[in-house]
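> Please see the structure below; I have some questions.
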Amino acid sequence: MLIELDEDTAIRHVTDHLTVSHGASHTPDAIEAAVAAARATLETVPVRSYVPVLVERRALRILSDHAPSA
């Protein structure tokens, strides 16, 4: 059975996943900001199917660029 998620739900899943996997090194606010910034760069993309995975990749890049120094 195939379940299709709407884009907003998929983005919430991305945010939740990043919060769990990167919560030790980034605040939830920083993760949400990275996801929002990544999503904003894809606002005009006409084909929306891959937006959630692209948002996750871009958000990870943003987070790694702003990783706290050890």
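The values are calculated or read from the model by the stated rules, or taken from the named source; none is laboratory data. Quick caveat: nothing in here was measured; it's all calculated off a predicted structure. Here the Cβ is made from the backbone with ideal geometry for all residues, glycine too, and neighbour counts use every protein chain on show. Only protein heavy atoms, including side chains, enter the accessible area calculation; ligands, DNA and RNA are left aside. Shrake-Rupley method; radii C 1.70, N 1.55, O 1.52, S 1.80 Å.
Residue by residue, here is whether (1) touching a residue at least 40 places away in the same chain (Cβ under 8 Å); (2) exposed (fewer than 10 other Cβ atoms within 10 Å of the Cβ) holds:
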{"residue": "LEU42", "(1), (2)": "no, no"}
{"residue": "PRO46", "(1), (2)": "no, yes"}
{"residue": "VAL55", "(1), (2)": "yes, no"}
{"residue": "ARG61", "(1), (2)": "no, no"}
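> Right, here's the next one. Here are ALA24, ALA34, ALA40: which of them is touching a helix residue (DSSP H, G or I) at 6+ places or on another chain (Cβ under 7 Å) and of a type in the set (Gly, Ala, Ser)?
ALA34
> Of the residues ILE3, ILE11, ILE62, ILE31, which is in contact with a Pro (Cβ under 9 Å, 6 or more places away or on another chain) and either at pLDDT 95 or above or hydrophobic (A, V, I, L, M, F, W, C) (or both)?
Being in contact with a Pro (Cβ under 9 Å, 6 or more places away or on another chain) and either at pLDDT 95 or above or hydrophobic (A, V, I, L, M, F, W, C) (or both) holds for just one of ILE3, ILE11, ILE62, ILE31, which is ILE11.
> Restricting the first residue to the range 4-33 and requiring it to be without any contact (Cβ under 8 Å) to a residue 60 or more places away in the chain and farther than 13 Å from VAL53 by Cα, which pairs with a second residue that is surrounded by fewer than 18 Cβ atoms within 10 Å (Cβ to Cβ) and of a type in the set (A, V, I, L, M) meet a Cβ separation below 6 Å and a spacing of at least six or different chains?
none
> Here's another thing I want to ask about it. Taking the range 12-32 only, how many residues are within 11 Å of GLU56 (Cα to Cα) and open to solvent by less than 60 Å² (accessible area, probe 1.4 Å)?
Residues that pass the stated criteria total 4.
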